[in-house]
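One structure below.
The values are calculated or read from the model by the stated rules, or taken from the named source; none is laboratory data. None of these values were measured; they are calculated from a predicted model. Positions of Cβ are generated from backbone atoms using ideal geometry, with glycine treated the same way; all protein chains shown enter the neighbour counts. Side chains are part of the model used for accessible areas, which takes the heavy atoms of the whole protein and leaves out ligands, DNA and RNA. Shrake-Rupley method; radii C 1.70, N 1.55, O 1.52, S 1.80 Å.
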Amino acid sequence: MLTNPTPIEHILHHSHCVLDIKRLDQIHPFVSGNKFFKLKYNIQEAIRLKKDTLITFGGAYSNHILATAYSAQQHQLQSIGIIRGDELRDKPLNTTLTQAHHFGMQLEFIDRATYKQRHDDAFLLQLQQHYPNSYIIPEGGTNHLAIQGCQDILTTAEKQYYDFICVAVGTGGTIAGLIESTTSKNHILGISILKENFLQQHIQTLTTQSHWTLHHHYHFGGYAKISDELIHFIKKFEQTYHIPLEPIYTGKMVYAVFDLISQNYFPKHSKILLIHSGGLQGKASLMP
Ligand SMILES: Cc1ncc(COP(=O)(O)O)c(C=O)c1O
């Protein structure tokens, strides 16, 4: 496993801007990208509390589910994944869930209406009572320890050098960590991959700082929605720069930043850093 600092690769260096990418995807094949940072203090806490099981939530392609399954096994903990969609119970497992199961995760498929209760106190209390020695991590891994972990993503030298740090946003934990660990010297640019419009307000509950902007126009129809234009962009990017992207998070984020550059959104001579937040494990099932 690679630890910080992860490699930075150059994408564009021209008179208008510098564009680099920080390859968190290279940390590990299963605990890659932001997952490593989101889980590290949570696992320490589970061990400190002498818990024997990690429980978490996710969809069938969730990067977080797989990362939790692998990390639990590495730390001799049991794991339970509560998976959205009871219709999946009788179907063959996809690659993500097959690997999670292989790492010892017990998979519990629940219907979508029940899954909606995943943040409710009463639901979580019931779950905790059912598995008293478990440590529950929310969907996407985002809680205060995940945000603390994401504060370790950037090195001091990176914070001093870059003007803009760009990241894909799903539950808001990663961007919150980046915001909390930087100052107004760095502007943090989030690209929402969700169609729903609650993230702006949600991130405001995770930070009191204001050196960030959330862009809402690059979700391509919503979570896991993919268009020919997006696939074309990803393939062209991969051929040109030899850096893999996936279509749910990093593909949309990199597309957005290229689009913003073409609109002269960034001031001249800006130094821009893209955060490659991983997620490549589910790619084969998602891209034609
Ligand atoms: C690959 C990848 N990138 C970005 C994100 C977005 O991170 P966050 O949910 O912390 O906003 C996720 C989801 O956790 C992810 O799996």
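Details
- Mean Kyte hydropathy of 0.5 or more with a Cα span along the axis of at least 15 Å, helices from DSSP in the chain: 250-262
- Simple spin-label estimate for Lys185 and Asp163 gives 1.5 nm between the two label positions (7 Å along the Cα-to-Cβ direction from each Cα).
- Distance from the alpha carbon centroid of region 115-140 to that of region 212-277 works out to 34 angstrom.
- The charge dipole of region 67-158, taken about the Cα centre with unit charges on the Cβ atoms of Lys, Arg (+1) and Asp, Glu (-1), comes to about 160 debye, rounded to the nearest 20.
- Charge dipole (debye, nearest 20) of region 1-102; +1 at Cβ of Lys and Arg, -1 at Cβ of Asp and Glu: 280
- 10 Å binning of all Cα-Cα separations within the chain, expressed as whole percents from 0 upward: 6, 29, 37, 21, 6, 1
- Tail beyond 20 Å, pair distance distribution of region 180-287 (Cα, percent): 44
- Using the Cβ-Cβ distance between Glu108 and His144 with R0 set to 22 Å, the FRET efficiency works out to roughly 0.30.
- When you count the other C-beta atoms within 10 angstrom of each residue and take the mean per peptide, 184-193, 84-93 line up highest first as 184-193, 84-93.
- For Lys38, the lysines whose Cα comes closer than 29 Å to its Cα, not counting residues fewer than 8 places off in the same chain, are Lys22, Lys50, Lys51, Lys116, Lys159, Lys185, Lys195, Lys225, Lys235, Lys252, Lys271, Lys283.
- Highest mean packing first, where packing is the average number of other Cβ atoms within 10 Å per residue, the peptides 248-255, 213-220 line up as 248-255, 213-220.
- Inter-probe distance in nm under a simple model that places probes 7 Å from Cα toward Cβ, at Thr240 and Thr213: 2.1
- A helix-only calculation puts the chain at -10500 deg cm²/dmol for mean residue ellipticity at 222 nm, using -39500 (n - 2.57) for each DSSP H run of at least four residues, averaged over all residues.
- Estimated FRET transfer efficiency (Ile261, Glu196; beta-carbon r; R0 35 Å; 0.05): 0.85
- Ratio of Rg to Rh over region 21-136 (Cα coordinates, Kirkwood Rh, two decimals): 0.97
- Simple Cβ-charge dipole of region 135-246, Lys/Arg +1 and Asp/Glu -1, about Cα centre, in debye nearest 20: 120
- Accessible solvent surface per residue of the chain, calculated while the other protein chains remain in place, 1.4 angstrom probe, Å²: 46
- Hits among aspartates and glutamates - C-alpha to C-alpha of Lys268 under 17 Å, sequence gap 8 or more where chains match: Asp20, Asp163, Asp259
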